[in-house]
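Just so it is clear, none of the values below were taken in a lab; they were calculated from the coordinates. Bear in mind the structure is a predicted one, so any value in this text is a computation, not a measurement. A quick note on method: Cβ atoms are made from the backbone with ideal geometry, for glycine too, and the neighbour counts reach across all protein chains shown.
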Number of protein chains: 2
Amino acid sequence: MIRILGIDPGSQRTGIGVIDVAGDGRCTFVHCEALKLLDAADFPSRLGLLCEGLERVLDDWQPQQVAIETVFMAKSATSALKLGHARGAALATVVRRRLAISEYAPRVIKQSLVGGGAADKAQVQHMVRLLLKLPDARLQADAADALAVALTHAHMSATVMRTGVAINQLRRRGT
Amino acid sequence: MIRILGIDPGSQRTGIGVIDVAGDGRCTFVHCEALKLLDAADFPSRLGLLCEGLERVLDDWQPQQVAIETVFMAKSATSALKLGHARGAALATVVRRRLAISEYAPRVIKQSLVGGGAADKAQVQHMVRLLLKLPDARLQADAADALAVALTHAHMSATVMRTGVAINQLRRRGT
């Protein structure tokens, strides 16, 4: 059993999703939430709230691996800068706990969950609910994205493991 | 006496400058260094090194106020994103210590130190050396920029204080 934390960083809201992955690759829902950062007095305080929230989640749920979205090319330098601040604060918090971080492009996440890199948000959310057997209630968008990147990491790790096993089997057979 | 930490954040090197400001506004050099981040295994680890270095500086020198450059509009979204990561990690580290952060635009720093918003780096470094009575030896560029933002904060605070005093004097005179 491996516990994975998925993070969807943002400077207004940061999505958090925690799942468990069994040895056979089956994923179960553990926790999700959105850290709301807009109440902070100023922009630096938002980053402080992000780190505090993330450390609480790391303490409460003790994930062993962390997955985070890479940034698709932001439309403007201004939005890239803001997103960069949030992502930097999140990465620094995780790295300081000596946890391994895997990064996945949005296209890879969509491909992994829906089977197409051009899938829309609703399709991704639908698959997140389906895979984690979540009730059909409204799933907060940022939390859903965080669960999506955690699920992608689970799928990718399983694929890597399977491929590794297959290669080892081939090697053992001397082929 | 107030101790000010200036930070010039960057994802390759982050400049650190610490000065003391006396009641009469006179500034004295305390410490400067550049945190070298390129040795890290990957980009998230660089941010980890940045935070660790910054926390060491905060522990060792116990500044009471922190000043940091705002970001001039980066040429590309990619460089804005990288700089944003470094700045976000730095801001989050400082905010979590409950220290006040002041932000200054590069133009304001140049104006404050050299008297012109279009001054070049060499002029700013020259003034940093002059104001802090540093020997004419090579001053690491990132450290110099960090001292420059700390000096700007000292000047600005002094100006605000003087203006406040003047306004109070006028008020007391009933004008």
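In segment A:1-155, the C-alpha radius of gyration followed by the widest Cα-Cα span (Dmax) gives 14.6, 46 angstrom. Note on A:Q12 and B:A158: the model spin-label points, each 7 Å out from Cα along the C-beta direction, lie 4.3 nm apart. Beta bridges from DSSP with both residues in the protein assembly as shown: antiparallel share about 65 percent, rounded to the nearest 5. Once the Kirkwood radius over Cα pairs is known for segment A:1-88, the Stokes-Einstein relation at 37 °C and 0.692 mPa s delivers a diffusion coefficient of 237 µm²/s. Ignoring the sites themselves, chain B has its longest run without trypsin sites (Lys or Arg not before Pro) in a DSSP loop having at most 10 other Cβ atoms within 10 Å at B:1-74. Here A:M156, A:M1 are placed in order of increasing Cβ neighbour count within 10 Å, fewest first, which gives A:M1, A:M156. Per-residue mean of foreign Cβ neighbours for A:99-110 is 1 (Cβ atoms of other chains, 10 Å radius). Compared with the direct C-alpha span, the chain from B:R56 to B:D136 gains 26.0 nm at full extension, assuming 0.36 nm per residue.
Can you compute the label reach from B:S79? Point 7 Å from Cα along the Cβ direction, backbone N cut-off under 15 Å, restricted to segment A:63-107. Within reach of a label on B:S79, which here means backbone N under 15 Å from a point 7 Å along Cα→Cβ, segment A:63-107 contributes A:77-78, A:81. Counting from the shortest, the label point at A:G115, 7 Å from Cα toward Cβ, is 7.2 nm from the same position in each remaining copy.
If you model segment A:43-86 as an ellipsoid using its alpha carbon gyration tensor, with each semi-axis the square root of five times an eigenvalue, the axes come out at 25, 15, 4 Å, biggest first. Using every pair of separate Cα atoms, the Kirkwood estimate puts the hydrodynamic radius of the protein assembly as shown at 22.2 angstrom. Checking every one of the chymotrypsin sites (Phe, Trp or Tyr not before Pro) in segment A:57-155 against DSSP loop status and a limit of 14 other Cβ atoms within 10 Å picks out A:F72.
The calculated FRET efficiency for B:Q64 paired with A:R3, based on their beta-carbon distance and R0 = 41 Å, is about 0.50.
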